[in-house]
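Colleague: Pasting in a structure now, in structure tokens, and then I'll have a few things to ask.
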Amino acid sequence: MSDLTVKRLTQRCGDIDPRDVSEYISTGGYKALVKALLTMKPQGVIDEVKASGLLGRGGAAFPTGLKMQMVHDTPGDVKYVVCNADEGEPGTFKDRYLMEGDPYQLVEGIILAGYAVGAQKGYIYIRGEYDRAIELMKNAVEQTRKIGYLGNNILKQHFNFDIEVRSGAGAYICGEEFALIESLEGKSGRPRYKPPYPPVSGLWDKPTLINNVETLANIPYIVSNGSKAFRSVGTDNSAGTKLICLSGNIANRGVFELPFGITLKDIIYDIGQGVPGERELKMIQIGGASGSCIPSDMLDVKLDFADMKKNGLSMGSGAIIAFDDSRCVIDIVKSLLKFFAHESCGKCTPCREGNPQLYNLIDDFSKGSATPSHYDVLQSLTQTMQQAALCGLGQSSPMPVVSTLLYFKDEYDMHINGRCPAGICSSTNGGEII
Amino acid sequence: MVEEIINSHGIAEDKLVPILLDIQNSNDKHYLSEDDLKQVSRLLGIPESRVYSVATFYSFFSLQPRGKYIIQICDNAPCIVNGAYNVIDDFRHILGIDMGQTTPDGLFTLEYSSCLGCCSHAPAARISGELYGDLDSEKIKSILSDLRRR
Ligand SMILES: Cc1cc2nc3c(=O)[nH]c(=O)nc-3n(C[C@H](O)[C@H](O)[C@H](O)COP(=O)(O)O)c2cc1C
Ligand code: SF4
Ligand code: FES
């Protein structure tokens, strides 16, 4: 493996038996929990997380310490921690890797978060497709309860905390925080209007800390080793490591723990070993299905929240999907829109109607029936969705269209002229669209 | 059966999704009958309309009888560029059914799925709770014949 990778969050993955709590403990596990409960106040834990600069790994990069502070400061006796393990973003499988490789680290992170914000109960909401992760997390919770780190008076302190594992049932939208909360309450997973935000009014309208798996899995390290050690890897504004998932037309597919600050080029060609076969890289999509699609000459951008933002990109879930030059941009965008049209929850019109409309417009390109006026319609429709959709799904699903119109406009033009350069939107003969 | 499952979860509104999942998995046809939904509504004290709305919202639930083995084939981009369309064609050909259909012997149902988190082994499918990656024609044939022999 390339030496650009770091072993921090993933240090135990593949090396310990994920069912056996004693292997976790003998490799330094639950040290942070003991340290926090015996020597730190809840505010001390929050301060350490704040100082670490940890930003949420679920997509929005919100400062985790600040979110914890908000839940901590909201008055109320009943509070919750919810771990978002609904990982449904196409091309993303890092949370699965963490849960299957080191389930106790996540349990420890959730207990620490519960201690910090003053919660009594945690939920881990895992997508229904992850049968093995569900089983391993349930086992980890049970084993942890057995050794007394979950339950009442943990470590003889006045701290009661327990965790319940819940399974999703096949709805991508349940990764959105309020849709997930609705689903936990036993309802259809449809987002709520914000504000109020979950730290103020979340699960059963109680203050709720909701964080991604990878975010919470970072907390034991921060508490054990301190914020300074945490910041020893990464950049000033993006501290620590990031789990990146490489998929698509790339030789070395998989999950890699990487330091912030390396370039996309390093990731694609050093870690990923480039495109297999005689092919060339045409495009990468970064951040998941609603991420930007960029050409191969934009790979000097750094894996860094600020540098990516400056270049109009978002890290999203940490997925990077590579496409080689045999792929058709229109065809890829079409498949993404099919996904969004299928996963839209239907609550708001811009998204419910907009995604199928976008799909139809792009389908016109692949059928060779698009006209130059399609560009105007695409522009106004994508803008309407970005501005008027209720949640992140509808606001960001136009991104693949917007970014490919920016970087691959020539390919759209060719389709208007009846040519699919990759020969995919065509019958068998020579790329002419019939 | 429905009553047993509900009792094992406890009578709580928020357990609706896990309860429906268990009911569906407990029958060989992997679906929720009208009668199931009515019972759940009565026993949990939730309006039928809401039980129905939840049962139709989540893609795991089916109100139509399905096969003993549900074959969910991923058709998201990372799988597509690694040959998912061939996988779909192979399954359709071998089983002689289209996507969304069930074989006449009631053994197999073919469905599309969103990403299964198995993209590093694309193309991928999930069959009755198990993940299968790096699928090709040979592998598909042997998976199906294994399942038939079970
Ligand atoms: C459509 C949609 C899907 C999402 N899916 C996920 C997901 O699968 N996992 C996740 O952690 N966050 C997901 N999010 C982001 C969550 O709403 C939320 O921001 C996140 O759980 C916060 O955790 P963090 O602060 O640790 O990043 C999704 C958001 C949207 C709009
Ligand atoms: S944007 Fe889409 S997914 Fe989000 S609330 Fe509106 S319809 Fe539902
Ligand atoms: S895209 Fe098929 S498993 Fe992820």
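Colleague: Which of the residues that make up region A:314-333 are more than 14 Å from A:Lys242 (Cα to Cα), more than 10 Å from every other protein chain (Cβ to nearest Cβ) and crowded, with 20+ Cβ neighbours inside 10 Å?
Modeller: A:Cys328, A:Val329, A:Ile330
Colleague: Kindly check whether there is at least one residue in region B:112-119 that is in a helix (DSSP H, G or I), within 14 Å of another protein chain (Cβ to nearest Cβ) and within 30 Å of A:Ala251 (Cα to Cα).
Modeller: yes
Colleague: Then there is this: Do we have A:Phe230 as within 12 Å of chain B (Cβ to nearest Cβ) and farther than 28 Å from A:Leu337 by Cβ here?
Modeller: Spelling it out, it is not the case that A:Phe230 is within 12 Å of chain B (Cβ to nearest Cβ) and farther than 28 Å from A:Leu337 by Cβ.
Colleague: Another one. Between residues in region B:66-79 that are free of Cβ contacts under 8 Å to residues at least 60 places away in the same chain and residues that are β-branched (Val, Ile, Thr) and open to solvent by 20 Å² or more (accessible area, probe 1.4 Å), which pairs lie under 9 Å by C-beta distance while being six or more apart or on different chains?
Modeller: B:Arg66/B:Thr102; B:Gly67/B:Thr102
Colleague: Okay, moving on. Is it the case that region A:218-227 has a residue that's within 14 Å of chain B (Cβ to nearest Cβ) and under 22 Å from the mean Cα position of the chain (by Cα)?
Modeller: Within region A:218-227, not a single residue is within 14 Å of chain B (Cβ to nearest Cβ) and under 22 Å from the mean Cα position of the chain (by Cα).
Colleague: State yes or no: is A:Leu180 in a helix (DSSP H, G or I), more than 18 Å from A:Leu98 (Cα to Cα) and open to solvent by 30 Å² or more (accessible area, probe 1.4 Å)?
Modeller: no
Colleague: Any residue that is more than 16 Å from ligand 2 (Cβ to nearest atom) and in contact (Cβ under 8 Å) with a residue 60 or more places away in the chain - is there at least one of those in region B:100-110?
Modeller: Scanning region B:100-110 turns up at least one residue that is more than 16 Å from ligand 2 (Cβ to nearest atom) and in contact (Cβ under 8 Å) with a residue 60 or more places away in the chain.
Colleague: Hey, can you tell me all the residues within region A:87-104 that are among the charged types (D, E, K, R) and open to solvent by 10 Å² or more (accessible area, probe 1.4 Å)?
Modeller: Within region A:87-104, A:Glu87, A:Glu89, A:Arg96, A:Glu100 qualify.
Colleague: Are any of the residues in region A:365-382 within 16 Å of ligand 2 (Cβ to nearest atom) and surrounded by fewer than 22 Cβ atoms within 10 Å (Cβ to Cβ)?
Modeller: There is at least one residue in region A:365-382 that is within 16 Å of ligand 2 (Cβ to nearest atom) and surrounded by fewer than 22 Cβ atoms within 10 Å (Cβ to Cβ).
Colleague: Turning to a different aspect of this structure: For region B:132-145, check the following and say yes or no: at least one residue is surrounded by 14 or more Cβ atoms within 10 Å (Cβ to Cβ), in a loop (DSSP other than H, G, I, E, B) and either within 16 Å of ligand 3 (Cβ to nearest atom) or not assigned by TED's automatic domain parsing to the domain that holds B:Leu21 (or both).
Modeller: Looking for residues that are surrounded by 14 or more Cβ atoms within 10 Å (Cβ to Cβ), in a loop (DSSP other than H, G, I, E, B) and either within 16 Å of ligand 3 (Cβ to nearest atom) or not assigned by TED's automatic domain parsing to the domain that holds B:Leu21 (or both), one finds at least one in region B:132-145, hence yes.
Colleague: Of the conditions (1) touching a His at 6+ places or on another chain (Cβ under 8 Å); (2) closer than 20 Å to A:Arg96 by Cβ, A:Val117 satisfies every one except a single condition; which number is it?
Modeller: (2)
Colleague: Within the group B:Phe61, B:Phe91, B:Phe108, which residue is within 9 Å of another protein chain (Cβ to nearest Cβ) and surrounded by 14 or more Cβ atoms within 10 Å (Cβ to Cβ)?
Modeller: It is B:Phe61.
Colleague: How many of the residues in region A:67-94 are assigned to a helix (DSSP H, G or I), in contact (Cβ under 8 Å) with a residue 40 or more places away in the chain and more than 11 Å from A:Asn211 (Cβ to Cβ)?
Modeller: 3
Colleague: Residues in region A:312-355 that are more than 16 Å from ligand 2 (Cβ to nearest atom), of a type in the set (A, V, I, L, M) and over 17 Å from A:Glu87 (Cβ atoms): how many?
Modeller: 6
Colleague: Being touching a Ser or Thr at 6+ places or on another chain (Cβ under 9 Å), under 22 Å from A:Leu112 (Cα atoms) and within 16 Å of ligand 2 (Cβ to nearest atom) narrows it down to one residue among A:Glu182, A:Glu177; which is it?
Modeller: Result: A:Glu177 is the single residue among A:Glu182, A:Glu177 that is touching a Ser or Thr at 6+ places or on another chain (Cβ under 9 Å), under 22 Å from A:Leu112 (Cα atoms) and within 16 Å of ligand 2 (Cβ to nearest atom).
Colleague: Identify, from the list A:Leu246, A:Leu258, the residue that is within 14 Å of chain B (Cβ to nearest Cβ) and part of a strand (DSSP E or B).
Modeller: A:Leu246
Colleague: While we're on this one: Being at the interface with chain B (Cβ under 9 Å from one of its Cβ atoms) and either open to solvent by less than 30 Å² (accessible area, probe 1.4 Å) or β-branched (Val, Ile, Thr) (or both): is that true of A:Gly189 here?
Modeller: Criteria met by A:Gly189.
Colleague: Output the number of residues of region B:16-40 satisfying the condition of being of a type outside the set (S, T, N, Q) and open to solvent by 40 Å² or more (accessible area, probe 1.4 Å).
Modeller: Summing the residues that are of a type outside the set (S, T, N, Q) and open to solvent by 40 Å² or more (accessible area, probe 1.4 Å) in region B:16-40 gives 7.
Colleague: Taking the stated definitions as given, is A:Glu164 under 21 Å from the mean Cα position of the chain (by Cα), open to solvent by 30 Å² or more (accessible area, probe 1.4 Å) and closer than 23 Å to A:Lys79 by Cβ?
Modeller: Judged against the criteria, A:Glu164 is not a match.
The values are calculated or read from the model by the stated rules, or taken from the named source; none is laboratory data. Since this is a predicted model, take the numbers as computed values, not measurements. Because the Cβ atoms are built from the backbone with ideal geometry, glycine has one as well, and the counts that use them run over all protein chains shown. The accessibility values were calculated without ligands, DNA or RNA, using every heavy atom of the protein model including side chains. Shrake-Rupley method; radii C 1.70, N 1.55, O 1.52, S 1.80 Å.
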